[in-house]
1. Can you tell me which residue among 245, 193, 255 is under 30 Å from residue 109 (Cβ atoms) and assigned by TED's automatic domain parsing to the domain that holds residue 111?
2. Any idea which of (1) in contact with a helix residue (DSSP H, G or I) (Cβ under 9 Å, 6 or more places away or on another chain); (2) part of a loop (DSSP other than H, G, I, E, B); (3) over 30 Å from residue 300 (Cα atoms) is the one residue 148 doesn't satisfy?
3. With respect to residue 45, determine if the residue is farther than 30 Å from residue 332 by Cα, in contact with a strand residue (DSSP E or B) (Cβ under 7 Å, 6 or more places away or on another chain) and outside any strand (DSSP E or B).
4. Could you check residue 256 against (1) loosely packed, with under 15 Cβ neighbours inside 10 Å; (2) farther than 26 Å from residue 179 by Cα and say which number it fails?
5. Need the failing condition index for residue 202 against (1) out of contact with any strand residue (DSSP E or B) (no Cβ under 9 Å at 6 or more places or on another chain); (2) on the phi < 0 side of the Ramachandran plot, just the number.
6. Look through 231, 187 and report the one residue that is assigned by TED's automatic domain parsing to the domain that holds residue 103, part of a loop (DSSP other than H, G, I, E, B) and buried (at least 16 other Cβ atoms within 10 Å of the Cβ).
7. Kindly indicate whether residue 274 is closer than 30 Å to residue 311 by Cα and touching a residue at least 60 places away in the same chain (Cβ under 8 Å).
8. Among strands (runs of 3 or more DSSP E) lying entirely in the stretch 336-429, which contain 1 or more residues that are surrounded by fewer than 17 Cβ atoms within 10 Å (Cβ to Cβ), at pLDDT 90 or above and touching a helix residue (DSSP H, G or I) at 6+ places or on another chain (Cβ under 9 Å)?
């Protein structure tokens, strides 16, 4: 190599070394550090194959890939959410069973010609049900002669429309009508009770139709079961699970290979209709030698219809026109108006939130936001946080975001595949 060539090469190397290097940090920030990110359930990449109608028709979670990743993220906040409130019913399908006790009467020791409920702990052998069929049961799969006989869970615009379905549910049950082809049903009695709506009191009323004491001697005493009743939710085979098993067989072909009547622990139709007794005090006291009982049991006995004769204060007294009327009453009015709100909030969870949040239910990965469902069914909920409350213990490299939606009870919040959920995030670096 001659000297001229050598000199040219040296000048070239120096020129390359002195050339201004690009600002790679600026380029990376320009491309991979977006300050606002918008995602939509319409871009869901999940394509699960399932034979579950719920999963095939609706979604409670979705996953999206970001076209440009967000790198070295310092904080994240949900700045806007829109959720269509397109639920399939006003009441969750796992809260559609009304439980009640039908207690045989025994002679009262307090008043002649009056009766008293059989003393002892409330037995599951006296426990009966009335149910609304789940909202996903299709009438066209039931013999058209009988399809309209049953009460169905649905979107109820008012109490009157719910009362109509409850009236039918008290008179007929699909599992009961199909028992000759499946399991025997012993805890449903057609027309045994009625659940009606009192518009003046704005309350629902349960009436035991076989307990009308026309002669002062009722054959049975009726009481709405509490939501915490051990016979319903606890034990080797609680009644809620037993009902699910029998309806899984008897409701065929309405739900072929279905899961039967769904239930959720400590959630009943009683509670939804305003019958809010917890059911913890569940022992009918025995009467003493003169027929009276301890005052600590008065609250429980007052829940029965008709009210048992349990105190000398109910005996006949001259000049008291109301003295025996409680003993004749057959209807029990709910403590509160019914709740037709499917859920008051939707919790949004995502793994990108990391350890920034926690909740008592531990149902999701990490809580992103709690969205109040301040919209009627079939409306759209818009949520914008009013204060800055960014999450900082988060994933600092975000390539993908998975959102999961849950109700106030921790259940997955399902929306039809036609609905579109959108979220917008604000990020800092």
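The values are calculated or read from the model by the stated rules, or taken from the named source; none is laboratory data. These numbers come from a predicted model, not from an experiment. Backbone-built Cβ (ideal geometry, glycine too); neighbour counts: all protein chains shown.
1. Details: 245 fails: under 30 Å from residue 109 (Cβ atoms); 255 fails: under 30 Å from residue 109 (Cβ atoms).
That would be 193, the only listed residue that is under 30 Å from residue 109 (Cβ atoms) and assigned by TED's automatic domain parsing to the domain that holds residue 111.
2. Among (1) in contact with a helix residue (DSSP H, G or I) (Cβ under 9 Å, 6 or more places away or on another chain); (2) part of a loop (DSSP other than H, G, I, E, B); (3) over 30 Å from residue 300 (Cα atoms), the lone unmet condition for residue 148 is (2).
3. On the way: farther than 30 Å from residue 332 by Cα: yes; in contact with a strand residue (DSSP E or B) (Cβ under 7 Å, 6 or more places away or on another chain): yes; outside any strand (DSSP E or B): yes.
It is true that residue 45 is farther than 30 Å from residue 332 by Cα, in contact with a strand residue (DSSP E or B) (Cβ under 7 Å, 6 or more places away or on another chain) and outside any strand (DSSP E or B).
4. (2)
5. (2)
6. Just one listed residue meets the conditions, 187.
7. Numbers: closer than 30 Å to residue 311 by Cα: yes; touching a residue at least 60 places away in the same chain (Cβ under 8 Å): yes.
Judged against the criteria, residue 274 is a match.
8. Values: elements: 345-349, 367-372, 380-383, 397-406, 422-428.
Qualifying strands (runs of 3 or more DSSP E): 397-406, 422-428.
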